[in-house]
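Enquirer: Let me begin by handing over the structure; questions about it come next.
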Amino acid sequence: MAPLPPGIRFIVSFSRDQWYRAFIFILTFLLYASFHLSRKPISIVKMSQGELHSYCTASYEGEVGFHSQSPKAGDTPAQQLPDNGTDCGWAPFDQDNFQQLLGALDYSFLCAYAVGMYLSGIIGERLPIRYYLTFGMVASGAFTALFGVGYFYNIHSFGFYVVTQIVNGLVQTTGWPSVVTCLGNWFGKGRRGLIMGVWNSHTSVGNILGSLIAGCWVSTCWGLSFVVPGAIVAAMGVVCFLFLIEHPKDVACSSSPAMHPESYENGTHRFRLQKQALTEERNKPLDPEMQCLLLSDGKRSGHQNHVVILPTDGGGGGIAAISFVGALKIPGVIEFSLCLLFAKLVSYTFLFWLPLYITNVDRLDVKKAGELSTLFDVGGIFGGILAGVISDRLEKRASTCGLMLLLAAPTLYVFSAISEMGLEATIAMLLLSGALVSGPYALITTAVSADLGTHKSLKGNSHALATVTAIIDGTGSVGAALGPLLAGLLSPSGWSNVFYMLVFADACALVMSEAAACGFQQVGKEAERGLVCASGGFLSPSAPKHPPVKRAE
């Protein structure tokens, strides 16, 4: 018998379950990368001074622009747009308050996204993920393209662009809770930080692709910078409808090994099937932070009798979806939500304003500035993976976030000074800042959210994952809305004030991550004394210890 070809041997070396998990990993990666791809064009187009706003006369040079910057020698003159009524750009962004108008577009999108995210998790728990995500992607693609349609139909109403951004922000909230819940169904807690750190690079990949795609038409036909990404998102929505598998049981795959007591071992160690090895692992003392975040059926505390499983409203065998208040009671949800608020404020300020900053500081044209801004996202890819690896090895999510935030604060301050020294310094600081800023952001929105959404008090209720994820990311989106708005208000007085704001926000995120770590230590001590109840609240020392309440059949 002839030996099998190397390629075939590689294929058969993986089980059916492993191939399905790899497929879901790649598919959800591409789905959410397309969401971020559609968010980037606005930052690329608004920095094009020859499209939305230009220095049209000498009298404007001293008062229009950022920090009294005059046009660069190499800039091409602004073209007269058809029926625009002015040669200073695209109305209504041709006035000297164009910074505030562009900031309002960012703010309208992000505010709608923040508000909608709180509702999205609750709605998403009660609808099939595949249908819910497909609807969101197709609608997002339509409204992203609609923004670009304004170019072709000469629409100059500011209200049109604001409403388009608001609706787009609302429909895009379907994405994050859906993909995180789906990925959480397929992957357990073993090496979750590394797996989701790699997976979360879809954010940076989407931003990079969005910058490159939008940059292709920004100087010639900026409407296509929105229409093309919109078409891509809508097409990926069709792919989602055709191929997304919500749960392993839908294709008769086994659950993740991390879901079974006999095969689970947390941290950087491999999964073990030997019962004896598992027993030894259970006997090890738990770090308080991991005791709150990563306790599962594989690592039971000595007080499992406090867990209460609530019956569903109907008579079916499903598990009741957790309430909004119940999700807030899970230890760490509030602290990490506030931490993400400040971390996302910093990240989204870079997302929306970095290309324009590079254009002003390094005197680059629009296309080159857009390409250079992608280095921040490249650094973010490595930062997210690094944060996941460190948190898995240390088994301390909050401490990992705190360490990276501590290093990010001085880095942001240095960035504002060094980036003016030349292109090489800007490149180095973009990579370093991207890694330190995006690392905690990636860790909280993925591994931490999934850990909290599968907290031991939930007893495997996968419906809670969407709500917890939506609460954390929704709160973070409040910061994402404030960051670009504050940058638009502060940038006329000098970019240094914008960076002072970013350093302050980073310091606040550091404080909240430390609060989360201290809270875990307190809850861990209470758990050792048997004072923690299933909902994350506390029992009095004299409270009776009731047996678990099982669902009525």
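The values are calculated or read from the model by the stated rules, or taken from the named source; none is laboratory data. For clarity, every value in this text was computed on a predicted model and none was experimentally measured. Every residue, glycine as well, gets a Cβ built from its backbone with ideal geometry; the counts of neighbours run over all protein chains shown. Surface accessibility is based on the protein's heavy atoms, side chains included, excluding ligands, DNA and RNA. Shrake-Rupley method; radii C 1.70, N 1.55, O 1.52, S 1.80 Å.
Enquirer: For the stretch 148-218, which whole-number percentage of the solvent-accessible area (1.4 Å probe, protein heavy atoms only) is attributable to carbon and sulfur atoms?
Expert: 73
Enquirer: Which of the peptides 411-419, 484-492, 430-438 is most tightly packed, and how do the rest follow, judged by the mean count of other Cβ atoms within 10 Å per residue?
Expert: Highest to lowest by the protection proxy: 430-438, 484-492, 411-419.
Enquirer: For a Förster distance of 45 Å, can you work out the FRET efficiency between the beta-carbons of L212 and A507, rounded to the nearest 0.05?
Expert: Taking R0 as 45 Å, the efficiency between L212 and A507 is 0.85.
Enquirer: Quick check: net charge around C253, other residues with Cβ under 9 Å of its Cβ, Lys/Arg +1 and Asp/Glu -1?
Expert: Charge balance near C253 sits at +1.
Enquirer: Then there's this: Starting with the highest mean, order 127-135, 193-201 by the number of other Cβ atoms within 10 Å, averaged over the residues of each peptide.
Expert: Highest mean packing first, the order is 193-201, 127-135.
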